[in-house]
Amino acid sequence: MAEQVVLGWPISSLHGWGVYGLNLALQWAGDPDIALATACESVGIDIDPQQARALAPFIVRSVELQNGLQKYANGQASVGTTLLSGLNERFLLSPCMHNVMVMGNPTVGVIFFENEVLPDAVERANTYFPCIVTGSFWNEAVLRACGVKSVRTVHQGFDPALFHPGPKSTPLPDRFLIFSGGKAEYRKAQDLVLAAFEIFSERHPEAVLVTAWYNHWPDGIRSLDWSGLLPSVPLHKTTNQIDVAGWAAANGIAADRVLDLGAVPNPKMPAILREMDVALFPNRAEGGTNLVAMEAMACGLPVILSRNTGHVDLISSDNCYPLDDQGPAARGFAGIDGVPGWGESRIDEIVARLEQVFTDRAEARRRGQRAAEFMARLTWQETARKMKEIVMELRKA
């Protein structure tokens, strides 16, 4: 009989957690050992008819589960089987359908965090969760240094059927396209991206900054003002999203040198990424490995990566352009017991890396190829395999 597993977060094609859940569901759809359902309502799912057919039993199980939770509205319920629950940085569960706090038997905590782990969170982790699954070796090292007893790292993955090297259609053949992706916030360091691009674009007028900075939690956008590097971030009045063109203009960057993509469903990203000349991620911290950076690397792009936190798991010899000079970030977790915390990339090193890619395209293509080869070990299939191992081990314990 298949092992019943409940997912404590929604599946979606629009944000990191949703993409994670969606791909676990797709990978386990044909697995006779796992019967997955989600306890949360899911929206924004962009899949093809074959995937929809494969997910049909998952959808049926999920609807039945969610309907059953209705009688526990605003309360607590136990699903009586393995629950994979996304945790916040205090190691607290998030409510599911009908605002129900769902508990499992056992409950496996899944977490990606970037900030200090408080003592009460450590106690909660060791008391209620027989296993904590993190998204990076950096997260694992921090938790072990804090005293969390049972921690495993399972990296997020990518879909190689979508994200792979391929030819360009070159709609903008005379431009040098620099991609920057991730929700707009201080941690993702879009202020560093724009500051570096201002310098680079003055030297290279053919450069275009292509942004995918949509933030589903727009209250965090204002945190980009914390660094004080640039004029205050303007927001669109109707959407409360970052006004990329307005922010660029405030920094003297011409309108034709920025292209904001808005919110892009995950399956539409590969065609965009394959058009780019380089991807830039000077992020100050990543609890996971940075899903967008992984997908860019899988497409064979030369990628510029800050050598800090979860990014370190993506960096090997000559598979990217690392930003090695990492100073302490003005805000954010400083580290614990020798485990480093957030990093601040230097703008001049970012510009120098962009110049490397621009001036030696053959080397850039070689590093992009090595990136794609490196990523072959980090597919969603591998993520699902490792999560299944943990589920089965705990059920036998």
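The values are calculated or read from the model by the stated rules, or taken from the named source; none is laboratory data. Remember, predicted model here, so these are calculated numbers, not experimental data. Every residue, glycine among them, receives a Cβ derived from its backbone with ideal geometry; neighbour counts consider all protein chains shown.
Keeping to the range 116-146, report how many residues are crowded, with 16+ Cβ neighbours inside 10 Å and assigned to a loop (DSSP other than H, G, I, E, B).
Residues flagged as crowded, with 16+ Cβ neighbours inside 10 Å and assigned to a loop (DSSP other than H, G, I, E, B) within the range 116-146 amount to 5.
So in the range 26-42, with the set limited to residues that are of a type in the set (A, V, I, L, M) and closer than 22 Å to PHE158 by Cβ, which one is surrounded by the most Cβ atoms within 10 Å (Cβ to Cβ)? Walk me through it before giving the result.
Restricting attention to the range 26-42, the residues satisfying the condition of being of a type in the set (A, V, I, L, M) are 26, 29, 34-37, 39.
Those left that are additionally closer than 22 Å to PHE158 by Cβ: 26, 29, 34, 36.
On the way: LEU26: 20, ALA29: 18, ILE34: 21, LEU36: 28.
Per the criteria, the residue is LEU36.
The conditions are (1) out of contact with any helix residue (DSSP H, G or I) (no Cβ under 7 Å at 6 or more places or on another chain); (2) surrounded by 18 or more Cβ atoms within 10 Å (Cβ to Cβ); (3) in contact (Cβ under 8 Å) with a residue 60 or more places away in the chain, and CYS299 fails exactly one of them. Which is it?
It fails just one condition, (1).
Inside the range 96-114, can you point out the residues that are surrounded by fewer than 16 Cβ atoms within 10 Å (Cβ to Cβ) and over 21 Å from MET392 (Cβ atoms)?
First, pick out the residues of the range 96-114 that are surrounded by fewer than 16 Cβ atoms within 10 Å (Cβ to Cβ): 99, 105.
Across the range 96-114, the qualifying residue is only ASN99.
Please find, among LEU7, LEU69, LEU55, the residue that is within 21 Å of GLY135 (Cα to Cα) and either among the β-branched types (Val, Ile, Thr) or assigned by TED's automatic domain parsing to the domain that holds ILE111 (or both). I'd like the intermediate steps shown before the answer.
Values: LEU69 fails: within 21 Å of GLY135 (Cα to Cα); LEU55 fails: within 21 Å of GLY135 (Cα to Cα).
After ruling out the rest, the residue left standing is LEU7.
Go through (1) surrounded by fewer than 21 Cβ atoms within 10 Å (Cβ to Cβ); (2) in a loop (DSSP other than H, G, I, E, B); (3) in contact (Cβ under 8 Å) with a residue 24 or more places away in the chain for ALA161 and report which single condition fails.
The single condition ALA161 does not satisfy is (3).
Would the range 50-69 turn up any residue that is exposed (fewer than 13 other Cβ atoms within 10 Å of the Cβ), free of Cβ contacts under 8 Å to residues at least 60 places away in the same chain, in a strand (DSSP E or B) and out of contact with any Lys or Arg (no Cβ under 6 Å at 6 or more places or on another chain)? Talk me through it step by step, then tell me what you get.
Our first condition is that a residue be exposed (fewer than 13 other Cβ atoms within 10 Å of the Cβ); within the range 50-69, this holds for 50, 52-53, 56, 60, 64, 67.
From the residues that got through so far, the ones that are free of Cβ contacts under 8 Å to residues at least 60 places away in the same chain too are 50, 52-53, 56, 60, 64, 67.
Those left that are additionally in a strand (DSSP E or B): none.
No, the range 50-69 contains no residue that is exposed (fewer than 13 other Cβ atoms within 10 Å of the Cβ), free of Cβ contacts under 8 Å to residues at least 60 places away in the same chain, in a strand (DSSP E or B) and out of contact with any Lys or Arg (no Cβ under 6 Å at 6 or more places or on another chain).
Return yes when ALA371 is out of contact with any strand residue (DSSP E or B) (no Cβ under 8 Å at 6 or more places or on another chain), assigned to a helix (DSSP H, G or I), small (Gly, Ala, Ser) and touching a residue at least 12 places away in the same chain (Cβ under 8 Å) and no when it is not.
So ALA371 does not fit the description; no.
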